[in-house]
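See structure below.
The values are calculated or read from the model by the stated rules, or taken from the named source; none is laboratory data. Values in this document were obtained by computation on a predicted structure and should not be read as measured data. With ideal geometry, Cβ positions are generated from the backbone for all residues, glycine too; neighbour counts draw on all protein chains shown.
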Amino acid sequence: MITILEIWLLGVALAMDCLSVSIAQGLSARRVIWPAMTALALSFGIFQGGMTLLGYMGTSLFSQHMQHLEYIAVVLLFYLGLKMLWEGIKKKEDATTAKLLTPVSIVVLSVATSIDALAVGISFACMQNTILQTVMTASGIIGLCSTLFATAGLYIGIKASQHINIRSEILGGIILICIGIKLLIENLI
C-alpha cells in the first residue's frame, strides 16, 4: 500500500517536467500573460491528475502501448521546441510571443508532460491492495503539485528572461528539445 508521503513525493517527481516546460514557456513569454499562463498551469494539473486516473482505469488498454506513448511525447516536445527555436530566430526583437501559448500548444504540452502520469496510473493498477479512493487522492495531489510547479516555472522563466540577453524563445526551445532527448534516452535504455 502506498503512503501519503510517497504520493506527495510522486507528485513532486511528476511535476518536474511541468516545471521545466513552464520555465521554457516563461522565458519565451518574457511578460505575464494571465489567461494563457493560468490555462497552462491548470491544464498541466488537470492532465497530470487525469492521466493518472485514466492509466489506473484503462490498464489493459494502455499497458501494451506505453512505449509508443512515450515516443509520441518525444515527438511533441521536439516539434514544440523546434517551433519555438524557429520563432526565436525569425522574429523581430520587439514582436510579441503571446501566440506561442495557444490553446493547441497548451494541450500538446499537457499531453506530452503527462505520459509519465499515465504510466503511474498503470502501475497503481498493478499494485495489490490499491483502491480507487487512494488513486483518486493520488491523482488530486499529482494534479495540485503539477499546477503549483507549473506556476512557479512560469514565474521563474519570466524573471530569468528579464536578465538574459539572448532571444528567450531560442532558450525555451532548447529546453523543450532537451526534455524530449531525455525522454528518448530513457525509452531506449
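Kindly establish whether Ser168 is among the polar types (S, T, N, Q), surrounded by fewer than 22 Cβ atoms within 10 Å (Cβ to Cβ) and at pLDDT below 90.
So Ser168 fails the test.
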- For residues that are of a type outside the set (A, V, I, L, M, F, W, C), in a helix (DSSP H, G or I) and in contact (Cβ under 8 Å) with a residue 60 or more places away in the chain, tally how many sit in the range 160-189. 8
- Just checking, which of Ala119, Ala152, Ala138, Ala112 is buried (at least 16 other Cβ atoms within 10 Å of the Cβ), touching a Leu at 6+ places or on another chain (Cβ under 6 Å) and assigned to a helix (DSSP H, G or I)? Ala112
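For the range 1-22, name all the residues that are surrounded by fewer than 24 Cβ atoms within 10 Å (Cβ to Cβ), of a type in the set (A, V, I, L, M) and part of a helix (DSSP H, G or I).
Across the range 1-22, the qualifying residues are Ile4, Leu5, Ile7, Leu9, Leu10, Val12, Ala13, Met16, Leu19.
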- Test: residue in the range 81-89 that is out of contact with any strand residue (DSSP E or B) (no Cβ under 9 Å at 6 or more places or on another chain), surrounded by fewer than 21 Cβ atoms within 10 Å (Cβ to Cβ) and at pLDDT below 80: yes
- Query: Given (1) free of Cβ contacts under 8 Å to residues at least 24 places away in the same chain; (2) assigned to a helix (DSSP H, G or I), where does Gln128 come up short, assuming only one miss?
  - Reply: (2)
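Can you report the number of residues in the range 106-141 which are of a type in the set (Val, Ile, Thr) and within 25 Å of Gly81 (Cα to Cα)? Please lay out each step first, then the result.
The initial filter retains those residues of the range 106-141 that are of a type in the set (Val, Ile, Thr), namely 106-108, 111, 113, 115, 120, 122, 130-131, 134-135, 137, 141.
Restricting the remaining residues to those that are within 25 Å of Gly81 (Cα to Cα) gives 106-108, 111, 113, 115.
Result for the range 106-141: 6.
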- Query: Being in a helix (DSSP H, G or I), surrounded by fewer than 24 Cβ atoms within 10 Å (Cβ to Cβ) and among the small types (Gly, Ala, Ser), is that true of even one residue in the range 23-33?
  - Reply: no
